[in-house]
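Q: Please find one structure pasted underneath; my questions will follow.
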Amino acid sequence: MKPGDIFVVRNIANQAQRQDIASQAAIAYGVGVLDIPHIVVCGHYGCGGIKAALNNVDHGGPLENWLTYLRDVYRLHKDELDAITDEDAKQRRFVELNVLEQCLNVYKNDVVQSKRVATFEDPSKPFPMPQVHGLIYDISTGNINRLDVDLEKYAEKYSGTYGMYAPTKTNDEMAKERVEFKKVESVEEAVA
């Protein structure tokens, strides 16, 4: 690989939250400007963020706010995780489920969706880009494992909920649906 071949964003527990301006800006820049073909969400076993989220302790300030997103992932998969009695196995599975949920967050991103639609219709592209991949790094072995994340299944299941772009529409059809933004001078003008 050459310098610049990998564009990296790191944070506690590899979160890809819409409220995180840094990760959203990086995705927008990587997809919209650098035209990246792949996005990798890579978690790791032994993740301190996962361990902290599993503890019912107020860590205070910004850290506690950040851990709330992880606890939301736990809530979504509570039945499965609560059924695991071995704490190490539970943490490992939580890492995997978090990577899956963050892949879905990246996939739902409007810039990612728009680019996938545009490249779906571009015969010069080998596949809709960017593709989103989930990986887990096992620190104890040095191995990287690829998660089997079927994002197309999730896109189909949740397209009505999240308003994901449908690649059956042409770019012209989608352009007609886009909201036009204009500068307004007052709140009254904005809501008129």
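Q: Starting from the Cα of Leu34, move 7 Å in the Cα-to-Cβ direction to define the label point; list residues of segment 4-18 whose amide nitrogen is under 11 Å from there.
A: 4-10
Q: Give me the percent of accessible area attributable to carbon and sulfur for segment 56-95, probe 1.4 angstrom.
A: Using a 1.4 Å probe with all protein chains present, segment 56-95 comes out at 51 percent carbon and sulfur.
Q: Related question: Assuming a viscosity of 1.002 mPa s and a temperature of 20 °C, what translational diffusion coefficient in µm² per second does Stokes-Einstein assign to segment 19-84, Rh being the Kirkwood radius over Cα pairs?
A: The diffusion coefficient I find is 151 µm²/s.
Q: Take the alpha carbon atoms of segment 1-159, find their radius of gyration, then divide it by 2.2 N^0.38 Å using N residues; give the quotient.
A: Relative to the 2.2 N^0.38 Å estimate, segment 1-159 comes out at 1.09.
Q: Across every pair of different alpha-carbon atoms, what Kirkwood hydrodynamic radius in Å does segment 1-57 reach?
A: 13.1 Å
Q: For segment 16-88, what does the accessible surface come to per residue with a 1.4 Å probe? Please give it in Å².
A: Per-residue accessible area for segment 16-88 comes out at 58 Å².
Q: Quick one: 3J(HN,Hα) in Hz for segment 64-75, Karplus 6.51/-1.76/1.60 with θ = phi - 60°, rounded, Gly and Pro as x.
A: Whole-Hz 3J(HN,Hα) from phi for segment 64-75: 5, 4, 5, 5, 4, 5, 5, 5, 5, 4, 4, 4.
Q: Let me ask you something else. What residues from segment 85-111 fall in the zone where the backbone N is under 17 Å from a label point 7 Å along the Cα-to-C-beta line of Thr161?
A: From segment 85-111, the list is 97-110.
The values are calculated or read from the model by the stated rules, or taken from the named source; none is laboratory data. Computed from a prediction, not measured in an experiment: that's the story for all the values here. FYI the Cβ positions are ideal-geometry reconstructions off the backbone, even for glycines, and counts take in every protein chain you see. Protein only, heavy atoms only, side chains kept; ligands, DNA and RNA dropped before computing areas. Shrake-Rupley method; radii C 1.70, N 1.55, O 1.52, S 1.80 Å.
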